[in-house]
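To keep things clear, I will list the structure first and then write my remarks on it.
The values are calculated or read from the model by the stated rules, or taken from the named source; none is laboratory data. Note that the coordinates shown come from a computational prediction; the quantities given were computed from them, not determined experimentally. Every residue, glycine as well, gets a Cβ built from its backbone with ideal geometry; the counts of neighbours run over all protein chains shown.
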Amino acid sequence: MADDWDERFGWAWDLISEDPARRDSAHLRLDELRMARAGAATRQQHEEASRRLLPDGLWIGSRPGLVRLPRAVRYRLLYLDWEVRFPHEWAWHARSWSTKTSLLRTFHQHVDELPDWIRTVLTDLILLVVARPHRLGDERYARLARVLADDPLRDRLRELGEHADEGVRLRAGYLTWVIGRRILPEPKPSQWRDYLQTLGLVEEPAQRSPAILSQVDQGRVPTLVRCPRCDGPAAAVCPVPGQDRPVWRVTCADCPYTASRRPEFKQGNRWDGSVVHDPVFRLPLWLQQPYAGSRLWAYGTGHLDAIEQHLRARVRLADGGAYLPAYQVDLPDWMMPLDRRDELLAGIAALRATVPAGPATR
Ligand SMILES: [Zn+2]
């Protein structure tokens with residue numbers, strides 16, 4: 001029992017496969033496990049399903065010892081690796097910011113016990129994090145970098161400091177700065193902004209985008225879907241959010257169609273460019289358009305606003321250059337490259353033009 005990690009999670013390596021089909025089938029497996037847990041008839045079945053789920057199963061059957069449980073550590077590192085390499089897929093299928101930060105905290109606290117192979121994996125993760133837009137909890141990697149700092153890490157940060165992307169150069173510079181100044185307090189997001197200011201740079205806009213995805217998730221703002229009866233716009237909301245087992249309702253704006261549902265769990269979508277559905281009623285989202293082999297979509301106007309704000313937000317450099325800052329709109333990875341910004345904004349404007357008028361859709 002204590003060492004059934006491979007049996008429980010051996011399949012999970014496909015989550016970080018370069019092959020999208022393998023990742024897709026691993027996602028389906030997670031969805032099925034979640035469905036099995038939702039349908040569990042007994043407490044034992046529920047626990048059994050949880051043991052096989054990510055991130056739930058990462059904590060089961062062991063205390064977070066590091067050296068004594070190499071397999072457990074391997075799969076905990078896999079969970080972190082997945083978030084770093086495929087952040088959007090991670091966020092959709094098994095997001096847990098608290099698991100991410102507590103795993104990183106544990107490695108930080110036990111740094112003196114870490115064998116070389118774990119230090120190597122963590123160092124690689126730190127460097128991958130430098131090379132991508134900042135995400136929630138990434139300051140924990142900066143903290144880790146300070147205690148793991150050695151010559152190879154410094155050398156590789158110096159290389160990233162020559163990177164073609166301004167954002168990568170800045171993040172590598174920041175990390176070199178915090179590693180080299182022991183006197184500085186532990187890294188946190190405000191310290192990154194202070195660092196930018198010392199370079200004469202500012203992050204804008206000053207206002208963070210609202211936590212729109214959690215509002216959508218709780219049904220506090222409507223998700224726009226297509227009515228299954230008349231094909232018109234319908235709004236899915238949770239009229240009394242925040243309950244233990246909330247009931248959702250979908251109401252069409254154009255015909256009398258209405259339906260209720262108590263979602264046991266929220267089903268995922270496939271990210272291969274096919275039609276995107278809302279997770280509760282499984283109706284097609286209203287705001288979606290095929291786009292360059294993929295698909296542009298949003299749950300509702302608030303989400304669309306947040307995506308647009310994210311794409312427009314930049315650090316303004318003295319010479320007019322720009323890079324993506326730390327906004328927490330969970331954009332698909334293919335929308336990240338800077339050179340797509342203008343075409344994406346045009347796509348979003350086209351999507352916005354399809355929003356039907358009326359209070360129910362705002
Ligand atoms: Zn209708």
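Quick notes on this one:
- GLU308 vs. criteria in a loop (DSSP other than H, G, I, E, B), among the acidic types (Asp, Glu), more than 16 Å from the ligand (Cβ to nearest atom) and at pLDDT below 90: no
- With respect to (1) touching a Gly at 6+ places or on another chain (Cβ under 9 Å); (2) modelled with pLDDT of 90 or more, the lone exception for VAL168 is condition (2).
- Applying the condition of being modelled with pLDDT under 90 and touching an Asp or Glu at 6+ places or on another chain (Cβ under 9 Å) to segment 236-268 and asking which residue is surrounded by the fewest Cβ atoms within 10 Å (Cβ to Cβ) yields ARG245.
- Annotation: of all residues in segment 106-124 being farther than 22 Å from TRP5 by Cα and touching a helix residue (DSSP H, G or I) at 6+ places or on another chain (Cβ under 7 Å), the one that is surrounded by the fewest Cβ atoms within 10 Å (Cβ to Cβ) is VAL111.
- Only one of the numbered conditions (1) within 10 Å of the ligand (Cβ to nearest atom); (2) touching a strand residue (DSSP E or B) at 6+ places or on another chain (Cβ under 8 Å) is not met by VAL247, and that is (1).
- Top-ranked residue in segment 96-134 [being outside any helix (DSSP H, G or I) and of a type outside the set (A, V, I, L, M); ranked as nearest to the chain's Cα centre (by Cα)]: SER96
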